[in-house]
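For reference, the structure discussed in these notes is given below.
Derivation of every value follows stated rules applied to the coordinates shown; laboratory data play no part. Keep in mind the model is a prediction, meaning the values are calculated, not measured. Cβ atoms come from the backbone with ideal geometry, glycine included; neighbour counts cover every protein chain shown.
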Amino acid sequence: MNIFTLALANVRALRRRLFGLVALVSVAAAACLGALGIADRAQGATDADVKESSANRSVTVDKPDGRPDTPQLTERTVARLAKLPHIESVQHRAQVSFGVLTEAGDTVVLYATTYRPVLTPPVTESVRKDLFPLRPGEIVAPAASQGVDLSKLVGQEIDIETTRYVRQGEGTGVTSHARLVGVYDPTWQLDNPDAAYAADADVIKWAAQRSGEPEDSYLSTIGYDELTVVAKTAADVPAVTKSVQRLGYPAVALQQQLNALPAVLEMIKVVGQVLLGVLGVLAFVGAVTVTGALSRRRAQEIGILKAVGFRTRSVLTMLVTEMALVGAVAALIGAVLGVAMGSSAGALLRGSADLAPYVKGWVLLPSAVTLLLLLGLTVLVVVIGSLAPARRAARMSPTDAMKDW
């Protein structure tokens with residue numbers, strides 16, 4: 001019988017005494033693996049989906065207020081910016097306030113906003129799957145605004161009131177109808193609070209009415225409230241930002257807001273790293289304790305092995321191999337439990353609209369390299385922890401080992 005076979009037989013015979021160590025190490029490994037799996041998947045989503053997303057490649061261009069020498073954000077400005085190097089597209093935003101008249105007699109003031117594909121709101125309820133681009137007469141509003149639940153009106157025709165310019169500082173209300181085709185999560189406020197998306201033609205029509213400017217000349221005179229310039233790659237964003245700023249326009253990149261993971265996922269990442277250290281400590285202390293205790297209880301067995309010709313190195317190898325097998329079993333059980341724990345936690349995180357894009361897939365595991373390193377580290381720490389007590393037991397003479405040590 002070789003050393004490995006003997007060690008395997010001993011582990012089977014001592015499985016009840018080894019259960020505590022296996023449970024301790026496997027649970028610690030599972031918690032560590034689950035946290036690392038979520039953090040790794042979130043980091044992968046950030047690298048693949050977020051860093052090169054259109055939002056992360058976008059530069060917001062505001063109106064040049066206080067800069068009389070810089071043209072407004074007109075159609076000509078859009079064409080000029082589109083010709084800059086490394087530009088993929090230029091998307092516009094116009095806003096104008098309007099009122100929604102409810103059956104209860106309330107008036108909810110919203111801001112009709114043109115839709116930009118770079119910043120799609122998180123729609124929670126809609127009349128059809130693909131809402132955008134919107135058709136004339138359609139509106140997508142926040143699910144709740146100013147204490148009024150607008151989600152109950154999805155699919156209905158609603159009364160709206162816009163303003164028509166009369167003279168300086170004076171306007172008159174104009175009542176019309178629109179269909180509420182969807183609502184979005186009101187916590188999403190990148191287009192300002194109470195933004196309601198409408199077809200470009202409707203927004204420009206209402207904005208022209210409010211300003212007193214003819215509708216057909218509005219975009220060439222007053223222009224848009226904001227432009228979003230989308231760079232071809234995330235690496236092009238700094239250069240694009242400087243190019244826009246050199247033209248005299250205030251320009252701010254969204255990239256800085258998207259470089260980091262959400263706070264919850266950052267916390268999970270830190271927890272995973274802390275648990276990795278805890279796993280190492282638990283595995284080491286558990287191996288030292290269990291190996292020492294078993295060596296004392298198996299003193300006579302070790303004495304017999306030494307008496308029949310086993311060398312110190314052979315006994316040491318047997319004891320360490322036993323702990324290596326225990327560590328391997330604990331690591332494998334921990335991997336299975338870690339998948340279950342990580343997937344359960346991932347399912348909870350997917351319930352959040354902000355976190356769902358970062359936690360995709362049902363089986364959450366870190367990369368294969370990280371997984372193998374974690375499993376190997378678990379076994380290695382258990383082996384290192386068993387070395388000192390195993391060496392002391394292996395060095396005993398047959399006579400001393402046969403005593404009640």
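Of Lys129/Lys232; Lys129/Lys152; Lys63/Lys242, which ones are farther than 20 Å apart at the Cα? From the list (Lys129/Lys232; Lys129/Lys152; Lys63/Lys242), the Cα-Cα distance tops 20 Å for Lys129/Lys232.
Between Glu161 and Leu380, the modelled labels are 7.2 nm apart [label points 7 Å from Cα along Cα→Cβ].
Over all directions, the projected convex hull of the C-alpha atoms in the range 58-258 averages 12.1 nm² in area.
For the pair Ala307 and Gln168, label points projected 7 Å from Cα toward Cβ lie 11.5 nm apart. Over all other residues within a Cβ to Cβ distance under 15 Å of His177, the charged ones net out to -3, with Lys and Arg as +1 and Asp and Glu as -1. Counting Lys and Arg as +1 and Asp and Glu as -1 over every other residue whose Cβ lies under 13 Å from the Cβ of Thr228, the net charge comes to -2. Once the Cα-Cα distance is subtracted from the 0.36 nm per residue extended length, the Thr289 to His86 segment shows a gain of 66.8 nm. The distance from the alpha carbon centre of the range 143-176 to that of the range 66-118 is 18 Å, rounded to a whole number. When each of His92, His86, His177 is scored by the number of other beta-carbon atoms lying within 10 Å, the sequence from fewest to most is His177, His86, His92. At most 13 other Cβ atoms within 10 Å and a DSSP loop assignment: could you name the trypsin sites (Lys or Arg not before Pro) in the range 58-167 that fit? The qualifying sites are Lys83, Arg128, Lys129.
On full extension, the segment bounded by Arg76 and Thr124 gains 13.7 nm, given 0.36 nm per residue less the C-alpha separation.
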